[in-house]
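Okay, structure first, notes after.
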Amino acid sequence: MAYLDIAHLEKSFGANRVVKDFSLPIDKGEFVSLLGPSGCGKTTVLRMVAGFETPSAGAIRIEGKDIVPLRPNQRNIGMVFQAYALFPNLTVAQNVGFGLRIAGVAGKEAQTRVGEMLDIIGLPLAEYGARYPFQLSGGQQQRVALARALAPRPRVLLLDEPLSALDAKVRVRLRGEIRDIQRRLGITTIFVTHDQEEALSISDRVVVMNAGIADQVGSPFEIYNRPATPFVASFVGTLTPFEATVIDPRVGTVMSGGLTMNLGRPLSAETGTAVPIALRPEAVQLGRASGREIILPATAREVEFMGSVIRIRAEAAGQSFLLDTFNRPDAPPPQPGEAVEISFSGRDVIVIGV
Amino acid sequence: MTRILAWVALILGMLYFILPLVGMTEFSLSMRRGVYSLDAYTTILGDPRFRQTFGYSVLMAVATIIFGVLLVVPTAYWVRLRLPWIRPYIEFITLLPLVIPAIVIVFGYIRLYNTSSWLPLTGSSMGTNLLLVFGYATLALPYMYRAVDTGLRTLDVGTLTEAAQSLGAGWGTILFRVILPNVLVAVLSGAFLTFAIVIGEFTMAALLDRPAFGPFMQILGANRAYEPAALAVIAFAITWACMGLIQLVTRLQKHTRAGA
């Protein structure tokens, strides 16, 4: 039985159904991300788990007990908000101890717990305990918010886009810290984000949401490499989509724009049917490479320098291909209009939803 | 040229306000012929009626502030949190005391709560005091509500409430340990304004026949020459002290200091 079981959850605001038959069993200690664009219903699901929204239908169970009838302050579910939401009138120590005081944990025990929490987030009590939120940076404030949420030892931790308000470097560092703390404490966590890199990098499982529906649930590897729907394929990562026709489903041969490709695996579609296929930019190589049996003469059209990676849009066989190549200081990228060769393997072709 | 005109306007404005005050202060110090003295102030401060009426008005002001805070803070908080669409109506209601004269309000009270009504509050001193507190709270409502609402505007009330709820806090804890401390400066601003209004209020106290400072000033003004001027200076000093305290509290509040 799942530790946290979200079953057939529905939420409507008037005639607008924002969450539709959403089900998600989560194991104890699991880190699950809800990923999707703005308005897809991910935050509404989180708020229903927290108790800030009442589901129109469905159940939310923790260890088999339905928590929907409970008020937010009776659920023992910790939450970290995008805007930190630290209490401005309280010091760091008082903020972290807020939930403990309400839970009746007082005196030395409370002080010890506050100290432990502040140690975990790397802001020692002696140095930071007496500071006010306005005396901390954004990253420090969010750490304190995390410590505050964890101090009462909640059954579930909810993170509502906690990194969105931070700058890029702090965001990357803090997401690693959050994952590390979550693993150490073994706390069941739901993380809401619209940032695919965040979701893929720290989650045990990712739920890609689209228009109130869970389009796909899977490990980051599955979500990235085997997108179940065109939406997941287009939302997660970058890819070059093609339309292809199945030639031989037993061996996985397809044809797209006069190009025959062997995918190296059987397809469940019938001969002659159209299937959407796609290639990730990292699957396409500039020049020839071993194991990449499809080699095409191409013309570089756009070259985008992204630091460690250079993204090139090239045209070949009447189609447009995106490809990523690592930046090498000794090998400058091609100029737009320059003739190049590109190569890829049929095995790297993603067949969407088949 | 524009700058000179601005200075002229400013100086004229200041003279308009300051000259009468200077004249009044000068007059209050002129009780002894030919020399300035504090005789008028000594007389007033030594008058037992001054202490009695001033003490009564301070008590009424404190009661009004407590009642006002308990009425306005939860209302303004709830309106911001759950009923934002109702805000324009609440603002309109809170502005009504500015356009409805105090005499109308107090006559309404007397008519509603007289000794032959179903709730005869005017039948006892305690009941009338209570009525006076309600009346004062009504008069102070525009200032208190605006001050608190402005304070709440600086907070993300919704998220703070949800953060407190997720930590196990009930409504009482949220209101008194999260919201109120964070709008304390605003509440104190409203409280000092309320204090200043109550201390000088005449109409309600006189018509409800309560021994307040306002009616005392009027009685003194009708019978004496220099003492009323001294009393007016004292009343102004109290009001300005209240304004100064608002500034002081704003500056001293730790967690909202500049740099936040």
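Points to keep in mind about this one:
- Computed from backbone phi, the HN-Hα couplings of the range B:107-117 come to 5, x, 4, 4, 5, 6, 10, 6, 5, 9, 8 Hz, rounded to whole numbers (Karplus: 6.51 cos²θ - 1.76 cosθ + 1.60, θ = phi - 60°; Gly and Pro given as x).
- Under 5 Å, built H, 5+ apart or other chain: amide partners of A:T253: A:I247, A:D248, A:L263
- Summing Cβ point charges (Lys, Arg +1; Asp, Glu -1) relative to the Cα centre of the protein assembly as shown gives a dipole of roughly 1700 debye.
- Amide H contacts of A:V19 (H built 1.01 Å from N, under 5 Å, at least 5 apart or other chain): A:K11
- Order of exposure, largest accessible area first, which applies to B:L184, A:L322, B:L59, B:L231 with probe 1.4 Å: B:L59, B:L184, A:L322, B:L231
- Descending Cα extents along the principal axes, the range A:238-351, whole Å: 47, 23, 22
- Hypothetical label at A:S38: residues of the range A:146-186 whose amide nitrogen lies under 15 Å (7 Å Cα-Cβ projection): A:161, A:164-165
- The mean accessible area for residues of the range A:238-351, using a 1.4 Å probe and ignoring ligands and nucleic acids, is 51 Å² per residue.
- All C-alpha to C-alpha distances of the range A:221-276, sorted into 5 Å bins beginning at zero, yield P(r) values of 4, 20, 24, 22, 23, 7, 0 percent in whole numbers.
- Shape parameters for chain A, alpha-carbon atoms, Rg then Dmax in Å: 24.4, 76
- DSSP-defined beta bridges in chain A - what % are antiparallel, rounded to 5: 75 percent
- Within the range B:170-250, the chymotrypsin sites (Phe, Trp or Tyr not before Pro) that combine a DSSP coil assignment with at most 15 other C-beta atoms in a 10 angstrom radius are B:F202.
- Among A:S290, A:S320, A:S256, the residue with the largest mean-square fluctuation in a Gaussian network model of chain A, with springs joining Cα atoms closer than 10 Å, is A:S290.
- Per the Cα gyration tensor, the protein assembly as shown maps to an equivalent ellipsoid with semi-axes of 70, 29, 23 Å, ordered largest to smallest.
- Top positive-direction residue, dipole computed over chain B with Cβ charges, set B:I11, B:N114, B:A235: B:I11
- Think of chain A as having a plus end and a minus end, set by charges on the Cβ of Lys, Arg, Asp and Glu; of A:Q216, A:A331, A:T44, A:T44 sits farthest toward the positive end of this dipole.
- Prolate/oblate/rounded label for the range A:22-115 (Cα gyration tensor, a/c 1.5): prolate
- Assigned charges on the beta-carbon of Lys, Arg, Asp, Glu; the range A:4-233 dipole about Cα centre (debye): 480 debye
- Pairwise burial A:B, computed as accessible area of each alone minus the pair, summed, 1.4 Å, Å²: 2100 Å²
- 3J(HN,Hα) along the range A:78-83, derived from phi through the Karplus expression 6.51 cos²θ - 1.76 cosθ + 1.60 where θ = phi - 60°, amounts to x, 9, 10, 9, 4, 8 Hz, with x in place of Gly and Pro.
- Amide hydrogen neighbours beyond the local backbone of A:V309, cut-off 5 Å, H modeled: A:N327
- Per-residue accessible area (protein heavy atoms, 1.4 Å probe) orders A:R155, B:R3 as B:R3, A:R155, starting from the largest.
- FRET E, pair A:V170, B:W78, Förster distance 60 Å, beta-carbon r, rounded to 0.05: 0.95
- The alpha-carbon of A:K108 sits under 16 angstrom from the alpha-carbon of none of the lysines, leaving out residues fewer than 8 places away in its chain.
- The modelled label-to-label distance for the pair B:V62/B:L45, using points 7 Å beyond Cα in the direction of Cβ, is 2.1 nm.
- Positive dipole terminus of the protein assembly as shown, leading residue within A:S33, A:S12, A:F81 (C-beta point charges): A:F81
- Note, ³J(HN,Hα) from phi for the range A:251-266, Karplus 6.51, -1.76, 1.60, rounded to Hz, x at Gly and Pro: 10, x, 9, 10, 10, 9, x, x, 9, 9, 10, 9, 7, x, 8, x
- Note on the protein assembly as shown: antiparallel DSSP beta bridges, both residues inside, total approximately 75 percent of the bridges counted.
- Between B:L12 and A:D66, the modelled labels are 7.5 nm apart [label points 7 Å from Cα along Cα→Cβ].
- Surface accessible to a 1.4 Å probe, A:D180 within the full protein complex, Å²: 80 Å²
- The charge dipole of the range A:80-203, taken about the Cα centre with unit charges on the Cβ atoms of Lys, Arg (+1) and Asp, Glu (-1), comes to about 340 debye, rounded to the nearest 20.
- Cross-link pairs A:K20/A:K42; A:K11/A:K42; A:K42/A:K169; A:K28/A:K65 - those with Cα-Cα distance over 22 Å: A:K42/A:K169
- Over chain A, relative contact order from alpha-carbon pairs under 8 Å, at least 6 apart, %: 15 percent
- Whole-number percent relative contact order across the range B:48-250, with pairs defined as alpha carbons under 8 Å at least 6 apart: 29 percent
- Between B:F134, B:F54, B:F17, the residue with the greatest mean-square fluctuation in the GNM of chain B (Cα pairs under 10 Å linked by springs) is B:F17.
The values are calculated or read from the model by the stated rules, or taken from the named source; none is laboratory data. Because the structure is predicted, anything quoted here is derived from the model rather than measured. For neighbour counting, all protein chains shown are included, and Cβ atoms are generated from backbone atoms with ideal geometry for every residue, glycine included. Keep in mind that these areas ignore ligands, DNA and RNA; they rest on the heavy atoms of the full protein, side chains included. Shrake-Rupley method; radii C 1.70, N 1.55, O 1.52, S 1.80 Å.
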